[in-house]
Amino acid sequence: MPGVHYIRPAHTPDKCITVHGWDASDAAKIDQWTCHGQRNQRWTFMDNGAFRYWVKSEFSNKCLDGGDLRKGHKVTQRPCHSAFKQAWYPVPRGNTYEIHVGTQCLDVQGGSKTNGARIILWKCKNVSNQRFYLN
């Protein structure tokens, strides 16, 4: 699991989780966009202990951040630190993964298949818009 990955939603495998608009700022929008192989779509899973990972953007060197960890919270990027809201853990689901933080899962909002759909936290439901290919 450690290493660089594209995070592709199972329900739209031609899309990748992306730092929107090449925005390197704190709290930049994280969404899905057609995969193009650029650095704003590459994520490094870095072991932070206890089977959890920081998920760091190769482009911005910032980590996926779950904010207040509430259902519906929009995932952003922030400087990497040791808080629980950046302690992600992938759970295998066949050849895909659910990516958990706290009691929530990474989720493509509303199951959208369009470019620009936000990545949010939602109650884990074992559904396709919460499953991701890591490759």
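The values are calculated or read from the model by the stated rules, or taken from the named source; none is laboratory data. From a predicted model like this one, the values you see are computed outputs, not experimental measurements. Cβ sites come from the backbone with ideal geometry, for glycine too, and all protein chains shown count toward neighbours.
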Elements of type strands (runs of 3 or more DSSP E) contained in segment 39-135, each with 3 or more residues being of a type in the set (Val, Ile, Thr) and either surrounded by 15 or more Cβ atoms within 10 Å (Cβ to Cβ) or more than 14 Å from the chain's Cα centre (by Cα) (or both): 96-101
For segment 104-127, state whether one or more residues are at pLDDT 95 or above, closer than 18 Å to His5 by Cα, out of contact with any helix residue (DSSP H, G or I) (no Cβ under 7 Å at 6 or more places or on another chain) and not aliphatic (A, V, I, L, M). no
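Take Ile7 and decide whether it is touching a Ser or Thr at 6+ places or on another chain (Cβ under 7 Å), of a type in the set (Val, Ile, Thr) and surrounded by 20 or more Cβ atoms within 10 Å (Cβ to Cβ).
Judged against the criteria, Ile7 is not a match.
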Number of the exception - Asp26 against (1) of a type outside the set (Gly, Ala, Ser); (2) outside any loop (DSSP other than H, G, I, E, B); (3) surrounded by fewer than 17 Cβ atoms within 10 Å (Cβ to Cβ): (2)
Could you tell me whether Asp26 is under 17 Å from Cys105 (Cα atoms) and of a type outside the set (A, V, I, L, M)? no
Please list, ordered by first then second residue, the pairs with beta carbon atoms under 8 Å, 6 or more apart or interchain, first in segment 7-27 and free of Cβ contacts under 8 Å to residues at least 24 places away in the same chain, second of a type in the set (Val, Ile, Thr). Asp14/Thr34; Thr18/Ile30
Cβ-Cβ below 8 Å, separation at least six or inter-chain, first residue in segment 91-120 and closer than 10 Å to Gln32 by Cα, second of a type in the set (Asp, Glu) and part of a strand (DSSP E or B): which pairs? Asn115/Asp31; Gly116/Asp31; Ala117/Asp31; Arg118/Asp31; Ile119/Asp31; Ile119/Asp107
Residue pairs, Cβ under 6 Å, 6 or more apart or interchain, first in segment 52-69 and more than 15 Å from Pro2 (Cβ to Cβ), second of a type outside the set (A, V, I, L, M) and assigned to a loop (DSSP other than H, G, I, E, B). List them. Lys62/Pro79; Gly67/His73; Leu69/Gly102
